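Below is one structure; the comments refer to it alone.
All of the numbers you see were taken from the coordinates with simple rules; none came from a lab. These numbers come from a predicted model, not from an experiment. A quick note on method: Cβ atoms are made from the backbone with ideal geometry, for glycine too, and the neighbour counts reach across all protein chains shown.
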Amino acid sequence: MNKTAIKNFAIWARNKLIADISYRAGLMGITADGIHQALPQSTGQTKFYEIGTPEPYAISGEAIHQREHLADLIRRKAKDSNYQTAYKYIIEEVAYTWFNRLIAVRFMEVNDYLPSHIRVLSSDQGKIEPDLVTIPFDADLDFTRDEQQTIMEFKSENKLDELFRLLFIKQCNALNEILPALFEKTNDYTELLLNMSVIDHDGVVYHLVHDIPEEDFNVERGGQVEIIGWLYQYYISEKHEEVVDPLHGKIVRKEEIPAATQLFRAC
């Protein structure tokens, strides 16, 4: 097991996920500085947000409700501390949720544990495009008519990242039936903030698939569930050091206790 590669990926992935999720939130007016209102031209069906470009960023439909849920949650949590602390906590929580799911899906696809037996993050043919993106309707996922139409539109327009995000969320929600504790169904800001690419060579998915040898996940070739623990430990290592650093004499908040206490130990 290449623990150096595992450590490097996990630490990098945490910062990458936090940055990407923060960027996504910022498009909808939720930043580290505060929650900004939609532009005056917004309607009940479409909300527009200033992002410093000629065209504002727009959201519609369920995304509007998800965004409001996110804003309300940060406001409520800020009452226990302050806005910056609440914002940081929620962003880190979402990043950790998607990291957990990425690692679990990678372990499952390598060991052919997925019910559909179709790879979600990679391809049996060695393509950058995951097999689920190539053959989404073979995965036995319960798509609505609107989702089927959206999938076909994304494929025809070659919007692979948008298609992947839709399918990844759908797959994670489907896995709730067999792993409810890990794959809790989401239809809220957690989905709204998902910001991952499968074609970007500097993306988390690409690095997970290419930086960590597949055999480290493969139970038939020496990889064990142990790798999941190591990934989680290295993921929280920077946060752990930040929380318990005696030089700063800081008080550990209750939401930071897991980072301060949960360290994986190999059996």
Selection from ALA181, ALA139, LEU163, by position along the positive dipole direction of the chain (Cβ): ALA181
Where a label projected 7 Å from the Cα of ASP211 along Cα→Cβ would reach, residues of the range 1-28 with amide N under 15 Å: 2-20
Values of log10 I(q)/I(0), in the order q = 0.09, 0.11 Å⁻¹, for the range 11-158 under a Debye, Cα-only, solvent-free model: -0.41, -0.61
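Pick out, in residue order, every one of the trypsin sites (Lys or Arg not before Pro) in the range 17-104 that is DSSP loop and has at most 10 other C-beta atoms within 10 Å; say none if there are none.
Filter output for the range 17-104: LYS79.
Using the per-residue mean of other Cβ atoms lying within 10 Å as a proxy for protection, in what order, highest first, do the peptides 124-130, 230-236, 68-74 fall?
In descending order of packing, they fall as 230-236, 68-74, 124-130.
Hey, what number do you get for the chain at 222 nm if only DSSP H runs of n ≥ 4 count, each worth -39500 (n - 2.57), divided across all residues, to the nearest 500? Display every interim value, and only then the final one.
On the way: 10 runs with 137 residues, N = 267.
Result for the chain: -16500 deg cm²/dmol, rounded to the nearest 500.
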Over 24 Å (Cα to Cα) - which of LYS127/LYS159; LYS127/LYS185; LYS88/LYS239 fall in this group: LYS127/LYS185
Coordinate range along principal axes, alpha carbons of the range 76-137, Å, largest first: 50, 20, 19
